[in-house]
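Written out below as structure tokens is the structure these notes cover.
The values are calculated or read from the model by the stated rules, or taken from the named source; none is laboratory data. Predicted, not measured: the structure shown is a model, and the values here were computed from it. Because the Cβ atoms are built from the backbone with ideal geometry, glycine has one as well, and the counts that use them run over all protein chains shown. Just the protein is used for accessible areas: all its heavy atoms, side chains included, with ligands, DNA and RNA removed. Shrake-Rupley method; radii C 1.70, N 1.55, O 1.52, S 1.80 Å.
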Amino acid sequence: MSSAAYLAGLGTGASLIIAIGAQNAFVLRQGLQRRHVGLVVAICTLSDVTLILLGVAGMGLAVQQHVGLLQWLRYIGAIFLLGYGLLAAWRAWRGTSGLQPTGGDIDADRWRVALACLGFTLLNPHVYLDTVVLLGSVSTHYAGDAHWWFASGAASASVVWFTGLGYGARLLLPWFRSALAWRLLDAFVAVLMLVLASVLLGAFG
């Protein structure tokens, strides 16, 4: 085992994942509501691990060559974030969030949560630039099996972070017993989504 490569991957992966973003805000909110947390954590971690492995396997160059695809993802992702941001703003205005899930079909709710999670995970072109291109490029500094230990470290960072964020969110529940706290959270999410949508539209000039 190459401990140096593993730790480098762990640190690099953590630095890219922990930054506050739309995906993390979504995972936090689902964790607070205790709605399909295992599903959300699984989607986020499996997607990240898959993209990391693809990057280390050499797909980073292919992603860089398909600028058109990233441009399409840029616009689709911005529209997605804009829509979710407006929904969060509406929830903040109406005060319709809370600890208990809304009534209705549980299976349908599960599918809605899964699709939203996939949207936050895969419709952001920066996720490909970070996990596939950047991590894939850094891994080339390690020869032989060491670059796979680098990938293992980055993947471990993803698993630990999303699991901790999703299931650790319940530690914040004492602060979210009031409707005001949920309205403030939704207001924060709305501003974050709208800002990220704006940044995404201008990210590539």
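Against the chain, whose longest principal axis comes from its Cα atoms, helix 37-54 is set at around 20 degrees. When nucleic acids and ligands are ignored and a 1.4 Å probe is applied, Ser137 ends up with an accessible area of around 60 Å².
Tell me the mean residue ellipticity at 222 nm calculated for the chain from its helices only (DSSP H runs of n ≥ 4, each -39500 (n - 2.57), averaged over every residue, nearest 500).
-24000 deg cm²/dmol
So if we plug the beta-carbon distance of Leu46 and Trp93 into 1/(1 + (r/R0)^6) with R0 = 35 Å, what FRET efficiency do we get, rounded to 0.05? Write out the running numbers ahead of the final one.
On the way: r = 35 Å, r/R0 = 0.99.
The formula returns an efficiency of 0.50 here.
Note on the chain: with a GNM built from Cα contacts shorter than 10 Å, the maximum mean-square fluctuation among Ala143, Ala154, Ala179 falls on Ala143. Here the chain is assigned +1 on the Cβ of each Lys and Arg and -1 on the Cβ of each Asp and Glu. Its dipole about the Cα centre then comes out at about 680 debye. For the chain, with all protein chains present and a 1.4 Å probe, just round the carbon and sulfur fraction of the accessible area to a whole percent. It is 71 percent, rounded to a whole number. The residues packed around Leu194, meaning those with a beta-carbon under 15 Å from its beta-carbon, carry a net charge of 0 if Lys and Arg are +1 and Asp and Glu are -1.
So, for the chain, what is the accessible surface per residue at a probe of 1.4 Å, expressed in square angstrom? Please list the in-between numbers first.
Values: 10550 Å² over 205 residues.
On a per-residue basis, the chain sits at 51 Å².
Using alpha carbon centroids, what distance separates region 40-56 and region 173-205, in Å? Value for the Cα centre distance between the two parts: 24 Å.
For the chain, a Kirkwood radius taken over Cα pairs fed into Stokes-Einstein (20 °C, viscosity 1.002 mPa s) yields D = 120 µm²/s.
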